[in-house]
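What follows is one structure encoded as structure tokens, with my remarks underneath.
The values are calculated or read from the model by the stated rules, or taken from the named source; none is laboratory data. It should be emphasised that the depicted structure is a prediction, and the values quoted were computed from it without experimental measurement. When we count neighbours, we look across all protein chains shown, and the Cβ atoms used for this are built from the backbone with ideal geometry, even at glycine. What goes into the accessible areas is simple: the full protein's heavy atoms, side chains included, and nothing from ligands, DNA or RNA. Shrake-Rupley method; radii C 1.70, N 1.55, O 1.52, S 1.80 Å.
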Amino acid sequence: AVDDPNQTSQSAMALRVDITLARGHPGDLAGLRFFVTANGDGTQSYFAYFISPEGAYALWLNQHGQWETIISGYSSAVKVGLGQTNTLAVLANGAQGVITLFANGQYVAQVTLDPHLTRPTDGTMGLIVLNAGVEAVYGHYAIYPAPQG
């Protein structure tokens, strides 16, 4: 995972990036992470929006090194296979607990998080790949502060 060192903590944001999975296997993941916050024990908490070479998507929450699946599935909006470029976008509002996912300009999913659960509601953002051997090429990475309210 690599976070943008120039970004300040934000609680509402839109993220966009082009991802090409250049090398990997089914089940390998690449995507964006956001609301990255440091914990007192030296770990981080954050959300991650992933895609895989077989056209799957997932929104996971990582808290203190423990992963929890928020939503996952397959979407026709995600281009299948290695060498395909997918444009991922996230619109996230931490205060409202609403996260909307897009792929290639198409709606993928939206979740409204339980307000009683402990979760990150603001933080920095960046890029992430999971699994040994996966290689992802990122381009046109953009962050837009979303209006509050």
So, His64, is that one more than 15 Å from the chain's Cα centre (by Cα) and modelled with pLDDT under 90 or not?
no
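Name the single residue, out of those in the range 33-45 being of a type outside the set (S, T, N, Q) and either touching a Lys or Arg at 6+ places or on another chain (Cβ under 7 Å) or without any contact (Cβ under 8 Å) to a residue 24 or more places away in the chain (or both), that is surrounded by the fewest Cβ atoms within 10 Å (Cβ to Cβ).
Gly40
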Of the residues Gly97, Gly123, Gly105, which single one is small (Gly, Ala, Ser), at pLDDT below 95 and surrounded by fewer than 17 Cβ atoms within 10 Å (Cβ to Cβ)?
Gly97
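Could you say which residue among Thr112, Thr118 is without any contact (Cβ under 8 Å) to a residue 40 or more places away in the chain and either more than 17 Å from Ala14 (Cβ to Cβ) or surrounded by fewer than 19 Cβ atoms within 10 Å (Cβ to Cβ) (or both)? Explain how you work it out, then say what you get.
Numbers: Thr118 fails: without any contact (Cβ under 8 Å) to a residue 40 or more places away in the chain.
Thr112 is the lone residue from the list that is without any contact (Cβ under 8 Å) to a residue 40 or more places away in the chain and either more than 17 Å from Ala14 (Cβ to Cβ) or surrounded by fewer than 19 Cβ atoms within 10 Å (Cβ to Cβ) (or both).
Residue by residue, here is whether (1) at pLDDT below 85; (2) among the small types (Gly, Ala, Ser); (3) over 16 Å from the mean Cα position of the chain (by Cα) holds:
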{"position": "Ala1", "(1), (2), (3)": "yes, yes, no"}
{"position": "Ala12", "(1), (2), (3)": "no, yes, no"}
{"position": "Leu15", "(1), (2), (3)": "no, no, no"}
{"position": "Gln44", "(1), (2), (3)": "no, no, no"}
Would you say Ala48 is hydrophobic (A, V, I, L, M, F, W, C) and either closer than 15 Å to Val17 by Cα or open to solvent by 20 Å² or more (accessible area, probe 1.4 Å) (or both)?
yes
Please verify whether the range 77-89 includes one or more residues that are within 25 Å of Thr37 (Cα to Cα), of a type in the set (Val, Ile, Thr) and surrounded by fewer than 16 Cβ atoms within 10 Å (Cβ to Cβ).
no
Among the numbered conditions (1) touching a residue at least 40 places away in the same chain (Cβ under 8 Å); (2) on the phi > 0 side of the Ramachandran plot; (3) loosely packed, with under 12 Cβ neighbours inside 10 Å, tell me where Gly139 comes up short.
(2)
Pick out the one residue from Tyr57, Tyr46, Tyr74 that is closer than 17 Å to Asp122 by Cβ, hydroxyl-bearing (Ser, Thr, Tyr) and touching a strand residue (DSSP E or B) at 6+ places or on another chain (Cβ under 7 Å).
Tyr46
